[in-house]
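Contents: one structure, followed by commentary.
The values are calculated or read from the model by the stated rules, or taken from the named source; none is laboratory data. Quick caveat, the model's predicted, so the values are computed rather than measured. As a convention, Cβ positions derive from the backbone with ideal geometry for all residues, glycine included, and neighbour counts pool all protein chains shown.
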Amino acid sequence: MFNLANWLEEAHVMKGYGVGGTEGLTVDFADFKAKRDAYVVKLNGIYKNMASKSGIHYVEGTASFVSDKVVKVQDQLYTGEHILIASGSTPETGGFPGSDLCMDSDDFFALETLPEKVVVIGGGYIGVELAQIWVALGVKVTLVVRSIILRFIDRDIIDVLMENLVKLGVELKLDSPHDSVTQ
């Protein structure tokens, strides 16, 4: 998704360098999504195969250590000199009034069609990245942030990034604490 958004933005920029034929580009989102999903499945298979050939035993499930060299996944025990538990993460959408109306980043990648407009809540790196992707794909985007985007980054960089987001067409709503969502 990020690459597609970048390609579309680059095509837009290339107009300023004498490159024609970049106006009115469209994306068959359903076709793109099908090809992207197939590519992800292929990549996952390649990575699992590489891990297996390297002697890595991949197990999916809920794990806990029984001892230094033994881990339990569901009801099965696994022993190893080295054990890695890659916990991953799960997106959090709230538990606040109206959170049932919200999507998380996983839902974003499952969309079959592009929405006309979206409101992105949160100015962390995922929210900012999704806002950039949406707007590059032609979606009207409002980014609602409790204080400021990417608050852990140097303010000079944040200011330039915010300026660029606005130039791209993202509507920024800073200093906007949110405790509920309505339609």
Check whether at least one residue in segment 20-31 is more than 30 Å from residue 173 (Cα to Cα), surrounded by 12 or more Cβ atoms within 10 Å (Cβ to Cβ) and not hydrophobic (A, V, I, L, M, F, W, C), and report yes or no. yes
Out of all the residues in segment 30-38, is one or more in a strand (DSSP E or B) and touching a Ser or Thr at 6+ places or on another chain (Cβ under 9 Å)? no
Would you confirm whether any residue within segment 51-65 is within 28 Å of the chain's Cα centre (by Cα), under 22 Å from residue 131 (Cα atoms) and in a helix (DSSP H, G or I)? no
Which residue pairs have Cβ atoms under 6 Å apart, sit 6 or more places apart or on different chains, and have a first residue in segment 43-60 that is over 18 Å from residue 79 (Cβ atoms) and of a type in the set (Ser, Thr, Tyr) and a second that is in a helix (DSSP H, G or I) and modelled with pLDDT under 95? none
Residues that are modelled with pLDDT under 90, basic (Lys, Arg) and surrounded by 14 or more Cβ atoms within 10 Å (Cβ to Cβ): which strands (runs of 3 or more DSSP E) entirely in segment 79-183 hold 3 or more of them? none
Among residues of segment 1-42 being under 22 Å from residue 128 (Cβ atoms) and of a type in the set (Asp, Glu), the residue nearest to the chain's Cα centre (by Cα) is 9
